[in-house]
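Colleague: One structure coming up, written as structure tokens, with questions to follow.
The values are calculated or read from the model by the stated rules, or taken from the named source; none is laboratory data. Fair warning: this is a prediction, and the values are worked out from it, not measured in the lab. Note: ideal-geometry Cβ built from the backbone for every residue, glycine included; neighbour counts use all protein chains shown. Just the protein is used for accessible areas: all its heavy atoms, side chains included, with ligands, DNA and RNA removed. Shrake-Rupley method; radii C 1.70, N 1.55, O 1.52, S 1.80 Å.
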Amino acid sequence: MTRKFEYAPAPESRSVVDIASSYGLFIGGEFVDPSGGKSFKTINPATEEQLADVAEADAADVDKAVRAARRAYERTWSRLSGAERGKYLFRIARLLQERAREFAVLETLDNGKPIKESRDVDIPTAAAHFFYHAGWADKLEYAGLGPSPRALGVVGQVIPWNFPLLMLAWKIAPALATGNTVVLKPAETTPLTALLFADVCQQADLPAGVVNIVTGAGATGQALVEHPDVDKIAFTGSTDVGKSIARTVAGTRKRLTLELGGKAANIIFDDAPVDQAVEGIVNGIFFNQGQVCCAGSRLLVQESVAEDVIHRLQRRLGTLRVGDPMDKNTDVGAINSAAQLARITALTAAGEAEGATRWSPPCELPEHGFWFPPTVFTGVAQTHRIAQEEIFGPVLSVLTFRTPDEAVAKANNTPYGLSAGIWSEKGSRILAMADRLRAGVVWANTFNRFDPTSPFGGYKESGYGREGGRHGLAAYLDTEGTH
Ligand code: TAP
């Protein structure tokens, strides 16, 4: 049985996505039932309505998927030339483009993010990752990673719910381009676009077993991490789970890359173009409801302009439209799950209890679903939990500074080191600051820009390894002949 969900008010621009009432696991090129017969519900977080029943993979299913990936690696994928692998990646990229509206609607229904973000950012950037990596597939010996870099074999990949298809693309595109086969576990709350991607793999005639999708909760991810025949684990998610995976993998032959949390500083100097900076602050923290590992969740603003910047920011926040993610005018959509909403609520309560001042623009939140208003905390001290811990929600903590030295010290004063933003008219100041910030990505006079050519990844507790660009290829290759 399938139900139809409609998107876009104008009949001529209507696009429709079919959602099956239940989904199996994608193993060896086909959808199969889970061995334990178990399933879980995925819901629309904006309405709490059930979208579908999804198979829950146990250790036996994960084993089956790893075997399928191993077979595909040995019999097919490792025997193809780079140019032939590239053709499949190009085909997948084109199919993602052709089916972009279907993917965008499904992503928004399953995740709660505004349709204009899935449509303009998530899906096009996912397709761009496949195009970019398709281009590398037959040029790996020119990537500066040694004369004949080799694939690692079978890769286990575990991804979070905040950019479901985009995180899948960040993982699968480089793995396939470099000649590996994949078993991927999407997040429990957002499995649907990964399953639609499985359909795209079939449509592209990708050889069976090259991509396998095992849906389930944390235990499914753990079974994948523990499987002895996996050559590499690539994980994106929380720092706590990342640490436990690192412990599990320690002492085994598995390679590991980790993309974990962040607490980015968005630094505004007194010579910054203020209106542009305010837009950058809004995009930095309210894009995807702030559920972004590199979100600009700490605003560091120079004291002499702080009052003006905060005033303009508050005025701008009053114009944000919070509500139905399927409405293309919506700026802030739903929080992905009840659990995430509870975490945001608890941390913001801690912010008030520790003495920071809380502010939100007047906005009516829908009755059903998981919602949190855009929120700004002023009077934040560096020791406050809202200045140290990742909230992963539409919540901005404002701190001030007087000198560049103070800005650097405050920006670097968290356990994380994923990203940062600098707003200033002076190029020399931007370069000097970028040098001193312990962040894997530093944006200048912009924020939350993503491009497949550009490596992304963290320092400190934000993880290790890079995704994207030439550096991202290294994570999937044996460049020293040691594997
Ligand atoms: P996690 O709870 O860490 O979940 C991430 C993925 O790991 C999910 O698929 C999850 O399954 C699975 N998982 C949970 N426990 C596991 C275990 N013991 N072994 C193996 N896999 C396990 O994070 P989340 O709540 O989904 O995502 C939010 C966090 O991810 C934030 O902290 C955010 O900063 C981080 N994040 C980082 C980045 C980058 S690029 N650095 C990007 C996005 C998100 P379930 O879905 O069933 O829990």
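Colleague: When Arg255 is evaluated against the numbered criteria (1) within 18 Å of the chain's Cα centre (by Cα); (2) over 30 Å from Asn44 (Cα atoms); (3) of a type outside the set (Ser, Thr, Tyr), which criterion, by number, is the only one it fails?
Modeller: It is condition (1) that Arg255 fails.
Colleague: Please find, among Arg466, Arg436, the residue that is touching a helix residue (DSSP H, G or I) at 6+ places or on another chain (Cβ under 7 Å), open to solvent by 10 Å² or more (accessible area, probe 1.4 Å) and closer than 29 Å to Glu141 by Cα.
Modeller: On the way: Arg436 fails: closer than 29 Å to Glu141 by Cα.
Every option except Arg466 fails the conditions.
Colleague: Quick one: is Leu260 within 13 Å of the ligand (Cβ to nearest atom) and in contact with a Ser or Thr (Cβ under 8 Å, 6 or more places away or on another chain)?
Modeller: yes
Colleague: Mind telling me which of the residues Pro228, Pro207 ends up being open to solvent by less than 60 Å² (accessible area, probe 1.4 Å) and closer than 20 Å to Arg70 by Cα?
Modeller: Pro207
Colleague: Any residue in the stretch 259-275 that's at positive phi and in the same structural domain as Ser419 (by TED's automatic domain parsing): show its pairings with residues that are assigned to a helix (DSSP H, G or I) and open to solvent by less than 10 Å² (accessible area, probe 1.4 Å) at Cβ separation under 7 Å, as long as the two are six or more apart or on different chains.
Modeller: Between residues of the stretch 259-275 that are at positive phi and in the same structural domain as Ser419 (by TED's automatic domain parsing) and residues that are assigned to a helix (DSSP H, G or I) and open to solvent by less than 10 Å² (accessible area, probe 1.4 Å), there is no close pair.
Colleague: Report whether or not Ile310 is within 30 Å of Val17 (Cβ to Cβ) and of a type in the set (Val, Ile, Thr).
Modeller: No; evaluated as a whole, the condition is false for this residue.
Colleague: Additional query: Quick one: which helices (runs of 4 or more DSSP H) sit completely within the stretch 22-132 and have at least 2 residues that are over 30 Å from Leu341 (Cβ atoms)?
Modeller: 59-75, 82-98
Colleague: Scan the stretch 153-174 for residues that are more than 8 Å from the chain's Cα centre (by Cα), farther than 19 Å from Pro228 by Cβ and open to solvent by less than 10 Å² (accessible area, probe 1.4 Å) and report the count.
Modeller: Within the stretch 153-174, residues that are more than 8 Å from the chain's Cα centre (by Cα), farther than 19 Å from Pro228 by Cβ and open to solvent by less than 10 Å² (accessible area, probe 1.4 Å) number 7.
Colleague: Any residue in the stretch 77-98 that is in contact (Cβ under 8 Å) with a residue 40 or more places away in the chain, touching a Lys or Arg at 6+ places or on another chain (Cβ under 8 Å), open to solvent by 50 Å² or more (accessible area, probe 1.4 Å) and not β-branched (Val, Ile, Thr)?
Modeller: no
Colleague: Right, here's the next one. Considering only residues of the stretch 23-60 that are of a type in the set (Gly, Ala, Ser) and farther than 14 Å from Ala198 by Cβ, which is least open to solvent (accessible area, probe 1.4 Å)?
Modeller: Result: Ala46.
Colleague: Ok, one more. Pick out, from the stretch 395-482, the helices (runs of 4 or more DSSP H) lying fully within it that include 1 or more residues that are within 19 Å of Leu256 (Cβ to Cβ) and within 16 Å of the chain's Cα centre (by Cα).
Modeller: Because the criterion is at least 1 residues that are within 19 Å of Leu256 (Cβ to Cβ) and within 16 Å of the chain's Cα centre (by Cα), the helices (runs of 4 or more DSSP H) in the stretch 395-482 that meet it are 469-474.
Colleague: Still on this structure, please answer the following. Within the stretch 110-141, can you find the residues that are of a type in the set (A, V, I, L, M, F, W, C), open to solvent by 10 Å² or more (accessible area, probe 1.4 Å) and farther than 26 Å from Thr181 by Cα?
Modeller: Val121, the sole residue that qualifies.
Colleague: Further, regarding this structure: Would you say Lys185 is in contact with a Leu (Cβ under 8 Å, 6 or more places away or on another chain), under 18 Å from Thr453 (Cα atoms) and of a type outside the set (S, T, N, Q)?
Modeller: Details: in contact with a Leu (Cβ under 8 Å, 6 or more places away or on another chain): yes; under 18 Å from Thr453 (Cα atoms): no; of a type outside the set (S, T, N, Q): yes.
So Lys185 fails the test.
For (1) surrounded by 18 or more Cβ atoms within 10 Å (Cβ to Cβ); (2) not in a loop (DSSP other than H, G, I, E, B), each residue gets a yes or a no:
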residue: Gly262; (1), (2): yes, no
residue: Glu279; (1), (2): no, yes
residue: Cys294; (1), (2): yes, no
residue: Ser304; (1), (2): no, yes
residue: Leu320; (1), (2): no, no
residue: Pro325; (1), (2): yes, no
residue: Leu341; (1), (2): yes, yes
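Colleague: Continuing with this model, one more query. Name the one entry in Lys243, Lys185 that is basic (Lys, Arg) and surrounded by fewer than 24 Cβ atoms within 10 Å (Cβ to Cβ). Spell out the reasoning first.
Modeller: Details: Lys185 fails: surrounded by fewer than 24 Cβ atoms within 10 Å (Cβ to Cβ).
Lys243 is the lone residue from the list that is basic (Lys, Arg) and surrounded by fewer than 24 Cβ atoms within 10 Å (Cβ to Cβ).
Colleague: Filtering the stretch 343-361 down to residues that are part of a helix (DSSP H, G or I) and touching a residue at least 40 places away in the same chain (Cβ under 8 Å), which residue is surrounded by the most Cβ atoms within 10 Å (Cβ to Cβ)? Working first, answer last.
Modeller: At the first step, the residues of the stretch 343-361 found to be part of a helix (DSSP H, G or I) are 343-353.
Keeping just the survivors that are touching a residue at least 40 places away in the same chain (Cβ under 8 Å) gives 343-344, 347-348, 351.
Values: Arg343: 17, Ile344: 21, Leu347: 19, Thr348: 21, Gly351: 23.
For the stretch 343-361, the residue satisfying everything is Gly351.
Colleague: Just for the stretch 112-122: of the residues that are more than 12 Å from the chain's Cα centre (by Cα) and of a type outside the set (Gly, Ala, Ser), which one is nearest to Ile335 (Cα to Cα)?
Modeller: Lys113
Colleague: Something else: I'm checking my understanding of the structure. Among residues of the stretch 444-463 that are of a type outside the set (S, T, N, Q) and open to solvent by 20 Å² or more (accessible area, probe 1.4 Å), which one is farthest from Leu176 (Cα to Cα)? Working first, answer last.
Modeller: So in the stretch 444-463, the residues of a type outside the set (S, T, N, Q) come out as 444, 447, 449-452, 455-461, 463.
Narrowing further to those that are open to solvent by 20 Å² or more (accessible area, probe 1.4 Å): 444, 449-451, 455, 459-461.
Working: Ala444: 32, Arg449: 24, Phe450: 21, Asp451: 19, Pro455: 17, Tyr459: 26, Lys460: 28, Glu461: 28 Å.
Once the filter is applied, the top-ranked residue is Ala444.
Colleague: Continuing with this model, one more query. Looking at (1) surrounded by fewer than 15 Cβ atoms within 10 Å (Cβ to Cβ); (2) touching a Phe, Trp or Tyr at 6+ places or on another chain (Cβ under 6 Å); (3) among the aliphatic types (A, V, I, L, M), can you tell me which one Ala381 breaks?
Modeller: (2)
Colleague: Next up: Select from the stretch 327-339 the residues that are part of a loop (DSSP other than H, G, I, E, B) and more than 16 Å from the ligand (Cβ to nearest atom) and list them in ascending order.
Modeller: From the stretch 327-339, those part of a loop (DSSP other than H, G, I, E, B) are 327-331, 333-337; that's our starting set.
The answer is Asp327, Lys328, Asn329, Thr330, Asp331, Gly333.
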